[in-house]
Amino acid sequence: MADDFSFEIVKSFGVVAEGKGGWNLELNLVSWGGRPPKYDLRSWAPDHQKMGKGITLTKEELVSLKELLKEFNPE
């Protein structure tokens, strides 16, 4: 199954935070295993060949999150 793992960063929206050793938390549009791309928030190595744990969101989920964040007031 590990041999079937593939991904393509279709579009990069930017770095959310810079991490240690060149790893960055990024928001990208990623196609996993040849499937339609989803919005993806995770840490990536500088060469984008390794990644950390993250979350993937559909466009609708991302829009919903955006609306929630408009009202978000961190303490």
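The values are calculated or read from the model by the stated rules, or taken from the named source; none is laboratory data. What you are looking at is a predicted structure, and each value in this text was computed from that prediction instead of being measured. Using ideal geometry, Cβ is built from the backbone for each residue, glycine included, and neighbour counts are taken over all protein chains shown. Surface areas here come from the heavy atoms of the whole protein model, side chains and all, with no ligands, DNA or RNA. Shrake-Rupley method; radii C 1.70, N 1.55, O 1.52, S 1.80 Å.
Please work out how much length the chain gains when fully extended from residue 57 to residue 8, using 0.36 nm per residue of separation minus the C-alpha to C-alpha distance, in nm with one decimal.
16.1 nm
Label residue 31 and residue 70 with points 7 Å out from Cα along Cα→Cβ: what is the distance between them in nm?
Result for the modelled spin labels: 3.2 nm.
Normalising by the residue count of the chain, find the relative contact order in percent from Cα pairs under 8 Å and 6+ residues apart.
Dividing the mean separation by the residue count of the chain yields 21 percent.
Using a 10 angstrom Cβ neighbour count of at most 11 plus a DSSP loop assignment to flag exposed chymotrypsin sites (Phe, Trp or Tyr not before Pro), which longest range of the chain is free of such sites?
No qualifying site falls inside 6-71, the longest such stretch.
Which whole-number value in Å² is the accessible area per residue of the chain, probe 1.4 Å?
80 Å²
Can you tell me the 0 to 90 degree angle between the C-alpha axis of helix 59-71 and the longest principal axis of the chain, rounded to 10?
30 degrees
What do you get for trypsin sites (Lys or Arg not before Pro) in the chain restricted to DSSP loop and a cutoff of at most 11 other Cβ within 10 Å of the site's Cβ?
Hits after loop and neighbour filter: 50.
What is the distance in Å between the Cα centroid of segment 1-42 and that of segment 52-67?
That distance is 13 Å.
Per-residue ellipticity at 222 nm for the chain, helices alone: DSSP H runs ≥ 4 residues times -39500 (n - 2.57), over residue total, nearest 500 deg cm²/dmol?
-5500 deg cm²/dmol
Quote the charge dipole size of segment 5-44 about the Cα centre in Debye, to the nearest 20; the model charges only the Cβ of Lys and Arg (+1) and of Asp and Glu (-1).
In debye, rounded to 20, segment 5-44 gives about 100.
Can you count the Lys pairs in the chain with C-alpha separation below 25 Å, eight or more apart or on different chains?
Lysine pair count for the chain: 17.
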